[in-house]
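The values are calculated or read from the model by the stated rules, or taken from the named source; none is laboratory data. These figures come from a predicted structure and were not determined experimentally. Don't worry about glycine lacking a Cβ; one is built from the backbone with ideal geometry, like all the others, and counts go over all protein chains shown. Side chains included, ligands, DNA and RNA excluded: accessible areas come from the protein's heavy atoms. Shrake-Rupley method; radii C 1.70, N 1.55, O 1.52, S 1.80 Å.
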Amino acid sequence: MRREIFLLALALFSLTAGPLHAFDWPQDAVVSDNFYSYFGQLRGGGISGSLIFKDNSVIRACDSGSVAVVIGEHSDDFGWFESTLGNAVIIAHDNSLCTVYANLDAGSVSEEAASAGPIESGTELGESGNSGWQEGDSCLEFQVLDTRNKSAVNPRVLMPRMGRELVLEIGDLVLVDKKGGNHRLIWERAFPAGVYYLYRDRQRVAVPYRTVVAVNGATVEGISYDALTETNGRLCAMGNSPYPVEMLYPDSRRQLLGAVQLTRGRNTLSVTLLDILGVARTVTYTLDIN
């Protein structure tokens, strides 16, 4: 099945846009440590538009809608998907939203899911498996797509929020100058005036819901992980500008927090990471800029 047919199917099933609404979880017993990786994590050389679950489970439709596409092989390029979907069911809902249930076990897709047409919330779709690219794990790859705005929505924005979150760790902060020089704040506090990119150590699973960088009490950058927007055919995180993977994750260790302009004199640099429950972790450094 070609990418054009896939997108046409989504368009035909997408209804009038409206406010986002709540979905149920696609599998049971969901808490923060049930995820293999969060939405927005570095994965397969791209920014993941998926929420990857850790545990094998029966998978159910998170809301009523219409089955738009059932994928039985994983050799097609669908553009928005940064990894192979394997066996997958795609359901179109109101508000131009589609949910994608990928990496299903071969042969487990239910008769209700395989028959294109209306489907009720809670209907069993199949069981999580290892038919897609999941590094050997039998787990669900779950996506929410906004077909009108060509964006991948963080599924956790629309799902009930349960339990505590994984602790966000700010870690080692590094300022990178225009020449590519690295300045670790744990060691250096004096720099020339100029524009810098600020990075933290990437966590393997957790991704902040929002990052905020402030200089002298004024917010200069905020990167949100409530959605990833398609820009020039690529998923980007949104801050002051769209950030593709090579800027957001320049290597496997670092994650971008934002761009900062440091002017001569004493500057107070603050970094805040917020999880989806609004719990914040903040660190502040006093820098001497010459």
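Results, tabulated for the structure shown:
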item: Filter result for Val195 (β-branched (Val, Ile, Thr), open to solvent by 50 Å² or more (accessible area, probe 1.4 Å), in contact (Cβ under 8 Å) with a residue 60 or more places away in the chain and more than 30 Å from Asp94 (Cβ to Cβ)); result: yes
item: Test: residue in the stretch 225-243 that is modelled with pLDDT of 95 or more, within 15 Å of the chain's Cα centre (by Cα), in a loop (DSSP other than H, G, I, E, B) and more than 19 Å from Tyr285 (Cβ to Cβ); result: yes
item: Pairs with Cβ under 6 Å, 6+ apart, first in the stretch 101-126 and within 19 Å of Ile52 (Cα to Cα), second among the β-branched types (Val, Ile, Thr) and at pLDDT below 90; result: Gly126/Val109
item: Counted residues, the stretch 122-146 - those being at pLDDT below 90 and either touching a strand residue (DSSP E or B) at 6+ places or on another chain (Cβ under 9 Å) or farther than 29 Å from Gly107 by Cα (or both); result: 13
item: Verdict on Asp251 being loosely packed, with under 12 Cβ neighbours inside 10 Å and within 17 Å of Arg200 (Cα to Cα); result: yes
item: Verdict on Gly18 being among the small types (Gly, Ala, Ser), under 18 Å from Arg234 (Cα atoms) and either loosely packed, with under 15 Cβ neighbours inside 10 Å or at pLDDT 50 or above (or both); result: no
item: Test: residue in the stretch 183-191 that is assigned to a strand (DSSP E or B) and surrounded by 20 or more Cβ atoms within 10 Å (Cβ to Cβ); result: no
item: Within the stretch 148-182, considering residues that are in a loop (DSSP other than H, G, I, E, B) and touching a strand residue (DSSP E or B) at 6+ places or on another chain (Cβ under 6 Å), the one modelled with the lowest pLDDT; result: Lys150
item: Selection count where residues are farther than 30 Å from Met162 by Cα and buried (at least 20 other Cβ atoms within 10 Å of the Cβ), scope the stretch 263-286; result: 1
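Yes/no per residue for (1) touching a helix residue (DSSP H, G or I) at 6+ places or on another chain (Cβ under 8 Å); (2) open to solvent by 20 Å² or more (accessible area, probe 1.4 Å):
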| residue | (1), (2) |
| --- | --- |
| Gly107 | no, yes |
| Ser115 | no, yes |
| Thr123 | yes, yes |
| Phe142 | yes, no |
| Asn149 | no, yes |
| Pro155 | no, no |
| Leu166 | yes, yes |
| Glu169 | no, yes |
| Asp172 | no, yes |
